[in-house]
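K.L.:
The following block contains the structure, expressed as structure tokens.
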Amino acid sequence: MRKISRKAKIVVASSVALTALGGGVAFGYWSTTGSGTGTANSSAGAANLTVAQGDAPTGLAPSVAPVSVPGTITNNAPNSAYVNQFTVQITGVDAAHAAGCSAADYGLTTGDVALVKSSAVQVLALPVADELNSGETVNFPAFKIGFANDPGNVQDGCKGAVPQLSFSTN
């Protein structure tokens, strides 16, 4: 007769013990199905952009080249925001000069062209096309303001006037 080694005896004993334990336990269950629902909430996309002009351009006068207007757009919302376009408009002049000067005495441009007085509302829409992360800031798109020459040379009422600008984004 063949002798079984001690190692083989341990393996056989362990296998028998595991089979007895596992085989001695019975599991019962009902088969069934289930369903449910859930929700998630999207951010309201809080619009919280700050548009801030830097130093005000000075020296606007007839025959003087238009001057750059510096400024920034900052996203203060907790979420990112896409800024498609930046719009600037000349809405008037300070009250002290309103009688002899108007928004029509100024113009907006992206270049160094001579501006001519016009009765048209001065609005300039510039592309931004940038996604701002929370807390991120970008500079205004490049634009300039200048004095719009009047061929009749009757703009003395604008001496010292302060043109008023309005900014918006979308």
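K.L.:
In a shell of Cβ-Cβ distance under 14 Å around PRO151, excluding PRO151 itself, what net charge do Lys and Arg (+1) and Asp and Glu (-1) give?
P.N.:
-1
K.L.:
Less than 15 Å Cβ to Cβ from ASP94, Lys/Arg counted +1 and Asp/Glu -1: what total charge do the surrounding residues give?
P.N.:
0
K.L.:
Sum up the charges of everything whose Cβ sits under 12 Å from the Cβ of ASP105, counting Lys and Arg as +1 and Asp and Glu as -1, but leave ASP105 out.
P.N.:
After counting each charged neighbour, the total is 0.
K.L.:
Under 5 Å between amide H atoms, partner at least 5 residues away or on a different chain: which partners does ASN48 have, H built in plane at 1.01 Å?
P.N.:
Close amide H contacts, sequence-distant or interchain: ASN76, ALA77.
K.L.:
Same structure, new question: Enumerate the aspartates and glutamates that LYS144 could reach by cross-link, defined here as Cα to Cα under 14 Å, with residues fewer than 8 away along the same chain left out.
P.N.:
The qualifying aspartates and glutamates are ASP55, ASP112.
K.L.:
Extension gain THR137-ALA125, at 0.36 nm per residue separation less the Cα-Cα distance, in nm?
P.N.:
On the way: separation 12, 0.36 × 12 = 4.32 nm, distance 1.91 nm.
Extra length available between THR137 and ALA125 comes to 2.4 nm.
K.L.:
First measure r as the distance between the Cβ atoms of VAL116 and TYR82, then evaluate 1/(1 + (r/R0)^6) with R0 = 30 Å and state the FRET efficiency to the nearest 0.05.
P.N.:
Computed FRET efficiency for VAL116 and TYR82 comes out at 0.25.
Read-outs: derived from the displayed coordinates by stated rules, not from any lab. Predicted, not measured: the structure shown is a model, and the values here were computed from it. Counting neighbours? That spans all protein chains shown, and the Cβs are built from the backbone with ideal geometry, glycine included.
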